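Accompanying notes for the structure given below.
The values are calculated or read from the model by the stated rules, or taken from the named source; none is laboratory data. This structure is a prediction, so every number in the text was calculated from the model and none was measured. Cβ placement follows ideal geometry from the backbone for every residue including glycine, while neighbour counts extend to all protein chains displayed. Heavy atoms of the whole protein, side chains included, go into the accessibility calculation; ligands, DNA and RNA do not. Shrake-Rupley method; radii C 1.70, N 1.55, O 1.52, S 1.80 Å.
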Amino acid sequence: MAAAAPTELTVEEKMRELYRLQLIDSQIDEIEILKGELPMEVSDLEDEIAGLETRISRTEAIVDELRTEISRHDANVNESDMLISRYEEQMNNVKNNREYEALMKETEMQRLEIQLSQKKAKTASEDLEGRQATLDATKERRDAKLKLLEVKQEELKSIIAKTEKEEKKLRRASDKQRKIIEDRLLRAYDKTRNNYRNGLAVVTVERNACGGCFNAIPPQQQLEISQRKRLMACEHCSRVLVDDTIMEEMEVEG
């Protein structure tokens, strides 16, 4: 036997259930406000630290390469010095001018090699000095961001510890409440909520004005709202309007 179709809500019931959903969602919004920008700040800091870590890793690799390059140039200088010493020693035992000139030529070439290696080593050392300064500054910035992240994470953890149980309860209640309301009204409700920073899509008429945008509501429209025969929206902000006695009635209902 097929299950019976759910009973269609009356307009008044739709108003009540929409307003009930708004009250639940507003409590969730209050918790989000309590958290403030902390979740985003934590996420941004984590991304920034990850970027700094990548930069540090790349700079360290360059620093290592430069140190290796400098060591290689220093080794070349030492090797050339040794060769020059050997050639000079051989010059003392040459038998003819041809051998002497060949050794002189080799010696001169090694002196040029020394000059070139020293020049390259100096350039690499200057580059290393700049890279090292950048690396130190980046690490210092990274460490400062890590300390700030720790503070922000502790703040967020503290707030979550205080509100997590209540927030989960409210989100379950919101999900349950949304199942009662028809899709068309939910889509309009969500669209309106997203349009306003305070997240209000359903508001009461307060002191003859819309509780959302505070524009005046004509007496005839207020009468229609209080009769609860059809859903009415504020012509200025599109929020659904309910009369101000609905809260008291819902409190009596429990």
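Residues whose amide H comes within less than 5 Å of that of Ala209, counting only those at least five positions distant or on another chain, are Ile217 (H built at 1.01 Å from N in the peptide plane).
Taking label points 7 Å from Cα along the Cα-to-Cβ direction, Asp190 and Glu89 give a separation of 8.7 nm.
Which of the lysines could a cross-linker span from Lys157 if the Cα-Cα distance has to be under 19 Å and same-chain partners fewer than 8 positions apart are dropped? Reachable lysines: Lys35, Lys145, Lys147, Lys165, Lys168, Lys169. Give the longest segment of the chain that steers clear of trypsin sites (Lys or Arg not before Pro) in DSSP loops with at most 13 neighbouring Cβ atoms within 10 Å, not counting the sites themselves. By the stated rule (loop sites, at most 13 other Cβ atoms within 10 Å), 1-94. Each Lys or Arg adds one and each Asp or Glu subtracts one; over the other residues with Cβ under 11 Å from the Cβ of Thr204, this totals -2.
Taken one residue at a time, the phi angles of region 160-170 give Karplus couplings (6.51, -1.76, 1.60, θ = phi - 60°) of 4, 4, 7, 10, 4, 4, 5, 5, 4, 4, 5 Hz. Gly and Pro are set to x. Summing Cβ point charges (Lys, Arg +1; Asp, Glu -1) relative to the Cα centre of region 168-219 gives a dipole of roughly 420 debye.
Taking a probe of 1.4 Å, how large is the accessible area per residue of region 31-169, in Å²? Intermediate values should be presented prior to the final figure.
Details: 9980 Å² over 139 residues.
For region 31-169, the solvent-accessible area averages 72 Å² per residue.
3J(HN,Hα) along region 61-73: 5, 5, 4, 4, 5, 5, 5, 5, 5, 4, 4, 5, 5 Hz, from the Karplus curve 6.51 cos²θ - 1.76 cosθ + 1.60 with θ = phi - 60°, whole Hz, x for Gly and Pro. What is the sum of charges around Arg142, taking Lys and Arg as +1, Asp and Glu as -1, for the other residues whose C-beta is under 14 Å from the C-beta of Arg142? Here the count lands on -3. Label-to-label distance, Ile33 versus Ser158, with points set 7 angstrom from Cα along the beta-carbon direction: 2.1 nm. For the chain, pairs of C-alpha atoms spaced more than 22 angstrom apart make up 74 percent of the total.
Is region 137-254 rounded, prolate or oblate when judged by the Cα gyration tensor, a ≥ b ≥ c being the square roots of its eigenvalues, rounded requiring a/c under 1.5 and prolate requiring a/b larger than b/c? Note, shape of region 137-254 comes out prolate. Here the spin labels are modelled as points 7 Å beyond Cα on the Cα-Cβ line, and at Val11 and Thr134 they lie 7.0 nm apart.
Pair-distance distribution P(r) for region 70-144, from all Cα-Cα distances in 10 Å bins starting at 0: 19, 30, 20, 14, 9, 5, 2, 0 percent. Only alpha carbons enter this Debye calculation for region 1-76, each as an equal point scatterer, and the log10 of I(q)/I(0) it gives at q = 0.19, 0.21, 0.27 Å⁻¹ is -0.92, -0.98, -1.11. Only one residue of Thr59, Leu149, Met232 has its Cα farthest out toward the positive end of the dipole of the chain, where Lys and Arg carry +1 and Asp and Glu -1 on Cβ, and that residue is Met232. Accessible area of Leu170 (1.4 Å probe, protein heavy atoms only, ligands and nucleic acids ignored): about 10 Å². Residue-normalised convex hull volume from the C-alpha trace of region 31-169: 101 Å³ per residue. Annotation note: GluC sites (Glu not before Pro) in region 199-242 located in DSSP loop regions with a Cβ neighbour count of at most 15 within 10 Å are Glu235. Phi-derived couplings, Karplus 6.51 cos²θ - 1.76 cosθ + 1.60 at θ = phi - 60°, listed residue by residue for region 214-227: 6, 7, 5, 10, x, x, 4, 5, 4, 5, 5, 5, 5, 6 Hz, with x used for Gly and Pro.
Counting only aspartates and glutamates at least 8 places from Lys95 when in the same chain, those with an alpha carbon closer than 19 Å to its own are Glu106.
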